[in-house]
1. For region 66-84: of the residues being touching a Cys at 6+ places or on another chain (Cβ under 8 Å) and in a loop (DSSP other than H, G, I, E, B), which is surrounded by the most Cβ atoms within 10 Å (Cβ to Cβ)?
2. If I filter region 32-47 for residues that are touching a strand residue (DSSP E or B) at 6+ places or on another chain (Cβ under 9 Å), within 13 Å of Ala102 (Cα to Cα) and in a strand (DSSP E or B), do I get at least one hit?
3. Read through the list (1) open to solvent by 70 Å² or more (accessible area, probe 1.4 Å); (2) under 15 Å from the mean Cα position of the chain (by Cα); (3) farther than 29 Å from Glu114 by Cα, then give the number of the only condition that His99 fails.
4. Please pick out the residue among Ala43, Ala69, Ala57, Ala10 that is within 17 Å of the chain's Cα centre (by Cα), closer than 16 Å to Ile113 by Cα and of a type in the set (A, V, I, L, M, F, W, C).
5. Applying the selection to region 48-65, what residues are in contact with a strand residue (DSSP E or B) (Cβ under 7 Å, 6 or more places away or on another chain) and open to solvent by less than 80 Å² (accessible area, probe 1.4 Å)?
6. Given (1) closer than 23 Å to Cys7 by Cβ; (2) in contact with an Asp or Glu (Cβ under 9 Å, 6 or more places away or on another chain), identify the lone condition not met by Ile100.
7. Name every residue in region 14-40 that is within 17 Å of His2 (Cβ to Cβ) and either loosely packed, with under 14 Cβ neighbours inside 10 Å or at pLDDT 95 or above (or both), in order of residue number.
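The values are calculated or read from the model by the stated rules, or taken from the named source; none is laboratory data. These numbers were taken from a predicted model, which means no experiment stands behind them. When we count neighbours, we look across all protein chains shown, and the Cβ atoms used for this are built from the backbone with ideal geometry, even at glycine. Calculation scope for accessible area: heavy atoms of the full protein, side chains included, ligands and nucleic acids excluded. Shrake-Rupley method; radii C 1.70, N 1.55, O 1.52, S 1.80 Å.
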Amino acid sequence: MHEITLCQQALELIEQQVAQSNAKRVTQVWFKIGAFACVESSALQFCFELVCRDTVAEGCELHLEQQQAECWCRQCQQFIKLLTHRVRLCPKCNSHNLHIVADDGLQIMRLEIE
């Protein structure tokens, strides 16, 4: 389960931001999950709550946005959206010659602090 590591790293960044802002606590956090990140949303939620205990982010509300799997088809010369990250085949021309545009990580998009 790499979700715990992602949450620990995210918390470090959040704590740095809070310290720079002289804030007291985090009330809400928005994450964007890359389409190819292989992150389970429920596991991420659980791990985030776990790592935030006894920190400035304890009890904050977590918002998750799942990025769509977007690729550039070199055959069709078009951007396409894949229905699943497991099938890497162009739905228009059936080509495997795809360049992945979607992210494979986790991004902190926004923080709400007090």
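1. It comes out as Cys76.
2. yes
3. (2)
4. Details: Ala43 fails: closer than 16 Å to Ile113 by Cα; Ala69 fails: closer than 16 Å to Ile113 by Cα; Ala57 fails: within 17 Å of the chain's Cα centre (by Cα).
So the residue among Ala43, Ala69, Ala57, Ala10 that is within 17 Å of the chain's Cα centre (by Cα), closer than 16 Å to Ile113 by Cα and of a type in the set (A, V, I, L, M, F, W, C) is Ala10.
5. Kept after step one, since they are in contact with a strand residue (DSSP E or B) (Cβ under 7 Å, 6 or more places away or on another chain), are these residues of region 48-65: 48, 56-57, 60-65.
Residues satisfying the conditions are Phe48, Val56, Ala57, Cys60, Leu62, His63, Leu64.
6. For Ile100, the exception is condition (1).
7. Residues of region 14-40 within 17 Å of His2 (Cβ to Cβ): 31-40.
Once the filter is applied, which keeps residues that are within 17 Å of His2 (Cβ to Cβ) and either loosely packed, with under 14 Cβ neighbours inside 10 Å or at pLDDT 95 or above (or both), region 14-40 yields Phe31, Cys38.
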